[in-house]
1. Consider Val389 against the criteria (1) touching a Leu at 6+ places or on another chain (Cβ under 9 Å); (2) touching a residue at least 60 places away in the same chain (Cβ under 8 Å); (3) within 26 Å of Thr50 (Cα to Cα): it satisfies all of them except one. Which criterion is unmet?
2. Identify the residue in the range 116-172 that is hydrophobic (A, V, I, L, M, F, W, C) and outside any helix (DSSP H, G or I) and, among all such residues, is surrounded by the fewest Cβ atoms within 10 Å (Cβ to Cβ).
3. Which of the following residues is under 16 Å from Pro118 (Cβ atoms) and in contact with a Phe, Trp or Tyr (Cβ under 7 Å, 6 or more places away or on another chain): Ile63, Ile33, Ile58?
4. Any chance you could count how many residues in the range 238-285 are in contact with a Lys or Arg (Cβ under 9 Å, 6 or more places away or on another chain) and assigned to a loop (DSSP other than H, G, I, E, B)?
5. So which residues in the range 37-50 are in contact with a helix residue (DSSP H, G or I) (Cβ under 9 Å, 6 or more places away or on another chain) and either of a type in the set (S, T, N, Q) or at pLDDT 90 or above (or both), if there are any at all?
6. Looking at the structure I just gave you, is Ala391 part of a helix (DSSP H, G or I) and under 18 Å from the mean Cα position of the chain (by Cα)?
7. Answer yes or no as to whether Leu294 is assigned to a loop (DSSP other than H, G, I, E, B) and either within 21 Å of the chain's Cα centre (by Cα) or at pLDDT 90 or above (or both).
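The values are calculated or read from the model by the stated rules, or taken from the named source; none is laboratory data. Being a predicted model, the structure only gives us computed values, none of them experimental. Don't worry about glycine lacking a Cβ; one is built from the backbone with ideal geometry, like all the others, and counts go over all protein chains shown.
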Amino acid sequence: MSQENYVGTNKLLVGLVLAVLSFWLFAQSLLNISPAVQQSLGLADATITTGVSITSLIAGLFIVVAGGFADRFGRVKFSLFGLGLNILGSLCLVLATSAPLFLAGRVLQGFASACIMPATLALVKAYYEGENRQRAVSYWSMGTWGGTGLASFFGGAVSGALGWKYIFIFSIIASVTSFALIWGTPESKVDNPVKGFDYLGLVIFIVSMLALNLGITSVKENGFASKTLIYLAIFAISLAIFYFVEKSKTIKFIDFKLFSNKYFLGASLSNFLLNTVAGTLIVINTYLQKGRGLSASTSGLLSLGYLACVLITIRIGEVLLKKWGARKPMLLGPCITFIGVLLMTLVNIQGSAYYVVVFIGYALFGTGLGIYATPSTDTAISHVDEAEVGAASGIYKMASSLGNSLGTAISLTVFLAFSASGNYDQAALSGLITNLICCALSITSILLIVPNEK
């Protein structure tokens, strides 16, 4: 089939949505089932914290690399390669009996996500035009934001009925189906890609992000002792070095010129900050299971409002984008999410009344993310040149993954630190306040950066 005849096909769109679900639905289900996984494999607190956050961290570290390589060698190839990696990673998790294979599977899932996210988003731009592109972005966003919304319920339901490993058996089945649907799509790549790659920049960036992650996860055991401070110092110094190295290079790991575009800068920064609020999911699920005695499946049921609202309001976000432009719905979404998380902080409410509050909070959380998703994603990829869309998509999704990893690691670390004394109410409150701060910063970044233009 020619590229012209392939444009806008539903078969391709279904394949792309299934591909992004490999991370946002299946890999992210660990945000709910981490207590079950920890008990099943006998993992230490530091190991489960690393396992929960490492997939997003790896995805964030390598997503720009994969986006650039996808532009150069083919976005279809990288989508299929990523699906293959996810199948291997999921198989590791199915076969895991201890920490090594469990962590290996989570790392492979991270590399899979790094390949899939920018390649599939670039394929959306390549094969869909005008309103069809906005529709395709909406469905692609349903796979990301909607997948996250379903992950908690899906993970809890499958874990309770069949065991947590079946989640990743289903992940393998979905990836094989996606592979078959995308297979045969005419290749899409940049005609004159930039030659070479900035390996030095990549190495420095990896050092900085790993140091930050290690610094965060070590706080519970060490406090702000010398070991933790050393990690944080390495992060700050290496990040500064990274900036000055990138400014002086011709071939860049991250082209900071993209951030001179206020649309792209505002969308990427607010996206990063709003994704850190994903830490709310692991705080609430862990609190409900450890602090209130609910099962993973029951705590997952409370997130159904999140799922329904995020799926419904993604299309509403698309309508608001057409009517208002990007800025207003990008502001409205995080404001609603803030209210949803704020409701969940009411941990002094006892009994079933708190579960009603959590359900409503989840629903508002999902509503806000749904309204934000399409305007933000469309803003990020629609204001850059065609030759830069792969790199721009990579940076945008890197912001999602690093925000998700950072927010999850910080939130779980805060929760575990405060829960060590057995006060789960205080632990949940502290973790949720952390997420409220991140949400407020996301709103502020949109107000200050994104132009007020329809």
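1. All conditions are met except number (3).
2. Applying the filter and picking the extreme gives Leu162.
3. Selected residue: Ile58, the only one of Ile63, Ile33, Ile58 that is under 16 Å from Pro118 (Cβ atoms) and in contact with a Phe, Trp or Tyr (Cβ under 7 Å, 6 or more places away or on another chain).
4. Of the residues in the range 238-285, 1 are in contact with a Lys or Arg (Cβ under 9 Å, 6 or more places away or on another chain) and assigned to a loop (DSSP other than H, G, I, E, B).
5. Kept after step one, since they are in contact with a helix residue (DSSP H, G or I) (Cβ under 9 Å, 6 or more places away or on another chain), are these residues of the range 37-50: 37-38, 40-50.
Result: Val37, Gln38, Ser40, Leu41, Gly42, Thr47, Thr49, Thr50.
6. Numbers: part of a helix (DSSP H, G or I): yes; under 18 Å from the mean Cα position of the chain (by Cα): yes.
Criteria met by Ala391.
7. Values: assigned to a loop (DSSP other than H, G, I, E, B): yes; either within 21 Å of the chain's Cα centre (by Cα) or at pLDDT 90 or above (or both): yes.
Yes: the conditions hold for Leu294.
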